[in-house]
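Enquirer: Would you mind keeping the following structure in view while I ask a few things?
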Amino acid sequence: MNSASSLKNKIVDLVGLKKYFPIRAGVFLQVKGWVKALESVTLSIAENTVIGVVGESGCGKTTLAKLLVKIHEPTDGKVIFYKDGKEHDITNKLGDVRSVFRRDVQMIYQNPFDSLDPRMSIYDIIAEPLKAHKIFEHKAEERDYIKELLQKVGLTPDMLDRYPHEFSGGQRQRIAIARAIALKPRLVVCDEPTSALDVSVQNQIINLLFKLRSEYNMSYLFISHNLDVVRYLSDRIYIMYLGNVVEEGDSEEVFSKPLHPYTITLMHAIPDWNPKVRKFHKLVLEGEPPSPINPPSGCPFHPRCQYAQNICKKEKPALLGEKHKVACHFPQA
Ligand code: SF4
């Protein structure tokens with residue numbers, strides 16, 4: 001049983017989340033199969049922490065983000081939201097906590113070219129959530145606050161009445177960040193916030209997010225396909241493969257002692273990763289991940305794993321461990 005103080009520190013628990021999308025075909029759009037996007041993922045986010053979620057495209061990380069912000073509902077499992085030490089089961093509904101959840105949990109999307117309405121001025125884009133939650137009574141106050149937000153994200157107040165097409169990708173992502181933090185959320189879900197940007201501005205956006213995180217005491221769920229991006233930012237890391245969490249642990253622990261062969265192959269892509277471990281494991285990730293419509297039997301990684309044995313093709317390994325967990329029959333300790 002959770003104590004009141006530990007509940008107070010929590011923001012969200014995702015418990016055994018599963019998401020299957022139907023594949024429909026034919027005149028009557030019958031269900032012909034399922035895309036198994038997510039298989040029983042459990043993840044907890046507390047105040048003031050950064051959770052990194054890493055995996056190749058199609059591993060289910062964006063589905064996980066969308067379940068968390070309630071764009072999708074799960075096929076199975078629960079979403080629990082905590083507010084002032086009280087637990088709210090918000091699976092399939094928001095009920096009484098709709099307004100407070102929408103205020104506390106925000107999302108920054110991958111592509112700032114799609115996420116900002118081209119017909120709205122920067123002022124209107126940032127003011128929209130403030131108006132929805134009736135934050136200011138007077139427009140002058142609202143305008144001053146938005147000017148201040150623009151400065152916080154590295155833009156200037158004179159940009160207020162301009163439109164998204166007048167800005168670069170990096171500037172648009174700064175506008176999206178200003179909108180996301182306008183309500184002073186407790187949690188921001190960042191879905192690959194730099195992957196659509198030029199390499200030259202990626203670091204600037206990451207640095208901005210982390211400056212704001214300490215200023216606003218926010219938590220992040222930070223999603224990326226690149227382990228290098230999340231390694232310095234995350235307190236805890238979840239490695240995902242084909243809809244499953246295959247390894248999770250405190251960031252330093254996972255980086256210094258990766259256990260899952262898939263995590264090790266991701267580490268190999270980081271140029272300055274631990275040379276001793278690199279020498280020991282000469283793993284290269286070959287081929288594409290299998291389709292989530294027809295995932296392999298047993299361990300989902302077995303067709304690409306150099307350590308696979310017979311049992312790996314038959315039995316799916318459970319995610320085991322205490323603080324550092326791994327789903328592998330032969331972890332590479
Ligand atoms: Fe490789 Fe087997 Fe471990 Fe899967 S369970 S990662 S196939 S060793």
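The values are calculated or read from the model by the stated rules, or taken from the named source; none is laboratory data. Only a predicted model underlies this, so the values are computations on that prediction, with no experimental measurement involved. So basically every Cβ, Gly included, is an ideal-geometry build from the backbone, and we count neighbours across all protein chains shown. These area figures cover heavy atoms from the full protein model, side chains too; ligands, DNA and RNA do not enter into them. Shrake-Rupley method; radii C 1.70, N 1.55, O 1.52, S 1.80 Å.
Enquirer: May I ask you to list the residues in the range 252-263 that are touching a residue at least 40 places away in the same chain (Cβ under 8 Å), open to solvent by 10 Å² or more (accessible area, probe 1.4 Å) and of a type outside the set (A, V, I, L, M)?
Expert: Those that are touching a residue at least 40 places away in the same chain (Cβ under 8 Å), open to solvent by 10 Å² or more (accessible area, probe 1.4 Å) and of a type outside the set (A, V, I, L, M): Glu253, Lys257.
Enquirer: Could you give every pair whose Cβ atoms fall below 7 Å, whose first residue belongs to the range 68-82 and is free of Cβ contacts under 8 Å to residues at least 40 places away in the same chain, and whose second residue is outside any strand (DSSP E or B), counting only separations of at least 6 or pairs across chains?
Expert: Lys70/Leu94; Glu73/Asn92
Enquirer: Are any of the residues in the range 192-201 in the same structural domain as Ser44 (by TED's automatic domain parsing), under 17 Å from the mean Cα position of the chain (by Cα), over 16 Å from Val50 (Cα atoms) and open to solvent by less than 20 Å² (accessible area, probe 1.4 Å)?
Expert: yes
Enquirer: Please go through the range 73-86 and pick out each residue that is modelled with pLDDT of 95 or more and either acidic (Asp, Glu) or more than 16 Å from Glu47 (Cβ to Cβ) (or both).
Expert: Matches in the range 73-86: Glu73, Pro74, Thr75, Asp76, Gly77, Lys78, Val79.
Enquirer: Taking the range 27-48 on its own, how many of its residues are at pLDDT below 90 and open to solvent by less than 30 Å² (accessible area, probe 1.4 Å)?
Expert: The number of residues fulfilling the criteria is 0.
Enquirer: Yes or no: the range 53-63 includes at least one residue that is open to solvent by 10 Å² or more (accessible area, probe 1.4 Å) and at pLDDT 95 or above.
Expert: Scanning the range 53-63 turns up at least one residue that is open to solvent by 10 Å² or more (accessible area, probe 1.4 Å) and at pLDDT 95 or above.
Enquirer: Turning to a different aspect of this structure: Given the criterion surrounded by fewer than 18 Cβ atoms within 10 Å (Cβ to Cβ) and not in a strand (DSSP E or B), identify the matching residue among Arg98, Arg24.
Expert: Every option except Arg98 fails the conditions.
Enquirer: I've got another one for you. Within the range 284-333, how many residues are within 28 Å of Asp250 (Cβ to Cβ), more than 10 Å from the ligand (Cβ to nearest atom) and assigned to a loop (DSSP other than H, G, I, E, B)?
Expert: 10
Enquirer: Identify the residue in the range 176-204 that is in contact with a helix residue (DSSP H, G or I) (Cβ under 6 Å, 6 or more places away or on another chain) and farther than 24 Å from Val12 by Cβ and, among all such residues, is modelled with the lowest pLDDT.
Expert: So the residue we want is Leu197.
Enquirer: Scan the range 180-190 residue by residue and report those that are touching a strand residue (DSSP E or B) at 6+ places or on another chain (Cβ under 8 Å) and either open to solvent by 10 Å² or more (accessible area, probe 1.4 Å) or aliphatic (A, V, I, L, M) (or both).
Expert: Taking the range 180-190 and keeping what is touching a strand residue (DSSP E or B) at 6+ places or on another chain (Cβ under 8 Å), we get 180-181, 183, 185-190.
Passing the criteria: Ala180, Ile181, Leu183, Arg186, Leu187, Val188, Val189.
Enquirer: Working carefully through the options Leu155, Leu150, find the one that is within 17 Å of Ala176 (Cβ to Cβ), in a loop (DSSP other than H, G, I, E, B), open to solvent by less than 60 Å² (accessible area, probe 1.4 Å) and in contact with a helix residue (DSSP H, G or I) (Cβ under 6 Å, 6 or more places away or on another chain). Talk me through it step by step, then tell me what you get.
Expert: On the way: Leu150 fails: in a loop (DSSP other than H, G, I, E, B).
Within the list Leu155, Leu150, the selection yields Leu155.
Enquirer: Quick check on this structure: which one of Arg98, Arg103, Arg162 is of a type in the set (Lys, Arg) and touching a Pro at 6+ places or on another chain (Cβ under 9 Å)? Give the steps one after another, and end with the answer.
Expert: Details: Arg98 fails: touching a Pro at 6+ places or on another chain (Cβ under 9 Å); Arg162 fails: touching a Pro at 6+ places or on another chain (Cβ under 9 Å).
Sole residue among the options that is of a type in the set (Lys, Arg) and touching a Pro at 6+ places or on another chain (Cβ under 9 Å): Arg103.
Enquirer: Scanning the range 74-95 for residues that are farther than 13 Å from Gly16 by Cα and part of a loop (DSSP other than H, G, I, E, B), which turns out most open to solvent (accessible area, probe 1.4 Å)?
Expert: Filtering first and then ranking leaves Asp84.
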